[in-house]
1. Expressed in nm to one decimal, what extension gain is obtained for the pair K80 and I263 from 0.36 nm per residue of sequence separation less their Cα-Cα distance?
2. Divide by every residue of the chain the summed helix terms, -39500 (n - 2.57) for each DSSP H run of at least 4, and state the resulting mean residue ellipticity at 222 nm, rounded to the nearest 500 deg cm²/dmol.
3. Under a crude label model (7 Å from the Cα following the beta-carbon direction), how far is L273 from D205 in nanometres?
4. State, to one decimal in nm, how far the label point of E172 lies from the label point of N150, with both points 7 Å from Cα in the Cβ direction.
5. Counting heavy atoms of the protein chains only and a 1.4 Å probe, report the per residue accessible area for the range 122-207 as a whole number of Å².
6. Pull up the cross-link candidates among the lysines for K230, meaning alpha carbon to alpha carbon under 26 Å and not fewer than 8 places away within one chain.
7. So how much slack lies between Q163 and M71, counting 0.36 nm per residue of separation and subtracting their Cα-Cα distance, in nm?
8. Using 0.36 nm per residue, how much length does the chain from E31 to K57 gain when fully extended, once their Cα-Cα distance is taken away?
Amino acid sequence: LEGGRVMDDSQVIVLFSGGLDSLACYYWAKERYKDIMGLYVNLDTSYTIAEIVKAKKMCFDLNLDFKVVDMKFMGIFSDKVGHVPLRNIFLLEIAALYGNTILFGMLHGELSEDKGFPFLRRMQRLFDSQTKENLYHAKSKIELLAPFGNKTKTQVVKYLLDQKVTPFQLSETIGCLKGTVCGECPPCFNRWVAFENNKLYDIDDYFSHPVFWGIEEFKRSRSTNKNMFKKSLLSIPLWEKRKWIMDVWRAYKSAYDRNLCAITPGTVLKTILKG
Ligand SMILES: [Zn+2]
């Protein structure tokens with residue numbers, strides 16, 4: 001599932017949202033396959049339009065075929081932050097209709113159950129049962145790959161820099177629940193951590209800087225179980241989150257060292273672990 005084999009006879013689908021993770025999947029695929037397409041599934045959430053605009057432009061610049069599949073009706077199931085429950089099952093299913101190798105941009109220690117190797121293994125078994133046994137299915141194999149499933153966003157950004165992706169290209173990717181760079185949502189925070197750890201200082205033009213929002217959010221997480229960081233730390237064993245916690249600590253250390261914020265890295269670590 002992590003991939004690694006070189007195949008060039010398949011139609012490869014990169015689930016392409018215009019974010020850092022899907023960009024990394026594209027570069028990973030480009031080294032291994034010829035026939036690649038970026039696929040965006042329109043779930044009509046609050047940030048859909050912003051993602052389509054960015055993803056379309058990025059694919060044009062990369063000379064990558066791009067397709068939008070309409071599944072707008074699913075938007076009515078979206079919660080207030082724009083999360084559609086069970087969506088990754090649908091995304092993989094739709095991608096499987098268009099290609100036989102599917103690249104899924106999940107990262108290490110993510111919050112939702114439908115992102116992670118146990119989920120991907122179950123989906124792989126489901127597809128195997130349909131391709132081997134089903135008379136109506138022309139494909140012999142559907143392969144699900146998550147080449148960055150053991151990596152953090154900091155490592156993904158490093159990978160992209162190693163591929164000679166420029167800071168400007170990185171800043172053009174999208175990853176915000178408001179479709180902007182609000183600086184006050186978990187994706188914006190995780191993106192800042194990844195950039196800071198790669199010495200890409202403040203390449204996003206935030207409305208509000210995530211370094212301050214993040215620490216306040218960790219403090220708030222002590223008092224409410226609904227807080228995203230709290231949920232993430234409670235629902236995923238600390239062992240699974242260790243790489244993310246280390247990345248957050250490193251980013252705060254970097255911010256402290258360059259006088260961006262006065263919070264000591266030790267205080268940050270204590271605040272996260274108490275949360
Ligand atoms: Zn945001």
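The values are calculated or read from the model by the stated rules, or taken from the named source; none is laboratory data. This is a predicted model, so every value here is computed, not measured. All Cβ positions, glycine included, derive from the backbone under ideal geometry; neighbour counts span all protein chains shown. When the accessible area is computed, the model is the full protein with side chains, heavy atoms only, and any ligands, DNA or RNA have been set aside. Shrake-Rupley method; radii C 1.70, N 1.55, O 1.52, S 1.80 Å.
1. Full extension of this stretch gives 62.8 nm more.
2. My calculation for the chain gives -15000 deg cm²/dmol from helical runs alone.
3. Each label point lies 7 Å from its Cα, and together they span 4.0 nm.
4. Output for this residue pair reads 3.2 nm.
5. 50 Å²
6. Straight-distance partners of K230: K80, K115, K151, K153, K178, K219, K241, K243, K253, K270, K274.
7. Result for the pair: 29.8 nm of gain on full extension.
8. Length gained, E31 through K57: 7.2 nm.
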